[in-house]
1. Which pairs do you get when a residue that is more than 13 Å from Val103 (Cβ to Cβ), found in region 43-65, comes within reach of a residue that is of a type in the set (Asp, Glu) and surrounded by fewer than 24 Cβ atoms within 10 Å (Cβ to Cβ), reach meaning Cβ atoms under 6 angstrom, with the pair 6+ apart or on two chains?
2. Within region 1-34, count every residue that is hydrophobic (A, V, I, L, M, F, W, C) and at pLDDT 85 or above.
3. Considering Ile77, Ile8, which residue is more than 22 Å from Lys154 (Cβ to Cβ) and of a type in the set (Val, Ile, Thr)?
4. Considering only residues that are in a strand (DSSP E or B) and hydroxyl-bearing (Ser, Thr, Tyr), which ones fall in region 148-197?
5. Considering every residue within region 37-53, establish whether at least one is in the same structural domain as Lys168 (by TED's automatic domain parsing), surrounded by fewer than 20 Cβ atoms within 10 Å (Cβ to Cβ), touching a Ser or Thr at 6+ places or on another chain (Cβ under 9 Å) and outside any helix (DSSP H, G or I).
6. Which one is nearest to the chain's Cα centre (by Cα) among residues in region 135-154 that are surrounded by fewer than 21 Cβ atoms within 10 Å (Cβ to Cβ) and under 12 Å from Met224 (Cα atoms)?
7. Please list, ordered by first then second residue, the pairs with beta carbon atoms under 6 Å, 6 or more apart or interchain, first in region 157-174 and of a type in the set (A, V, I, L, M, F, W, C), second at pLDDT below 90.
8. Can you tell me which residue among Val88, Val84 is at pLDDT 95 or above and in the same structural domain as Gly28 (by TED's automatic domain parsing)?
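The values are calculated or read from the model by the stated rules, or taken from the named source; none is laboratory data. These numbers were taken from a predicted model, which means no experiment stands behind them. Heads up, the Cβs are rebuilt from the backbone with ideal geometry, glycines too, and the neighbour counts pull from every protein chain shown.
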Amino acid sequence: MKKLQELILESTTLWDFPTQNYGDKPHGNNKYKGVTPAFVIWNLLQRYTKEGDLVVDPMCGSGTTIDVAKELNRKVIGYDLNIVRSDVKKNDARKIPLEDNSVDFVFIDSPYSDNLDYSDDKRCIGEISCEKTEFYDELEKVAKEIHRILKPNKAMAWLIGDQWIKKKFTPTSFLLYQRLEKLFETIDTICVTRHNQTSNTGLWHNRARRFNFYLRGYKLLFIMKKKSEEETAKPTKLKQKKIELEVAKERKVFEEKISAEEVARRIKKHEREFARKLLEPKPQETKQRRKK
């Protein structure tokens, strides 16, 4: 276990922490189901926050984010449906009770299916299978709340794993990312090695080799930021080009429509003139009628 003074920032996109904790003090509860490695949060707060910043964890579980943030002199609020300590506030992550643009950083380690019993609360998203669209719809609601409370240009980090169960693989992380990229700009993606999971035994490794499947060896950490109002309002070069092409296309359609209408109008005009000439009496016929 690394001591506090020995900690250094990770410099690659592969993070491997053999233990959940660092230093002499506990950070969260390493017996808690799905507990986050404290060093993950330490790295994120060192890179994307400064002392006095407000950090929020909408699904803080045993409070690892709270402990790391306080140690680094950050303000912190932790929410969860399942309360295991007094400094965690009971709340649904789909409706965070904070003002718009008020938070400096958000960390979330969400369920990635219904594989763990996180809470007895039926509102828990961990009660929904990742094989259902509803699962991603509910996580997107959480993402929209995170986007709402974040200050412009500030970052958030979302840790999530994939699922392989009953001979079926579900790319939970990628399906979630498709939702997140609609709201945030991606800073980077980190691969976090998994340790201490119940399947990390000789028995399970032998089964994986024998029956030709893979054990989950990592989670993905999406680091993303909320765009500033100017960036949101100002189209990118690619978007601007698409807009120009659409405008040109609409103009061409409009011009073609006008030309077609003009042609039709002229044809009708000529038809009327031709019909009028056919019906008009010839000069000789007019003289003969007068003589009679």
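1. Short answer, once both residue conditions are applied: Asn43/Glu10.
2. At the first step, the residues of region 1-34 found to be hydrophobic (A, V, I, L, M, F, W, C) are 1, 4, 7-9, 14-15, 17.
Narrowing the set further to residues that are at pLDDT 85 or above leaves 8-9, 14-15, 17.
Qualifying residue count, region 1-34: 5.
3. Ile8
4. Thr170, Thr186, Thr189, Thr193
5. Scanning region 37-53 turns up no residue that is in the same structural domain as Lys168 (by TED's automatic domain parsing), surrounded by fewer than 20 Cβ atoms within 10 Å (Cβ to Cβ), touching a Ser or Thr at 6+ places or on another chain (Cβ under 9 Å) and outside any helix (DSSP H, G or I).
6. His147
7. Ile160/Tyr112
8. Numbers: Val84 fails: at pLDDT 95 or above.
The match here is Val88.
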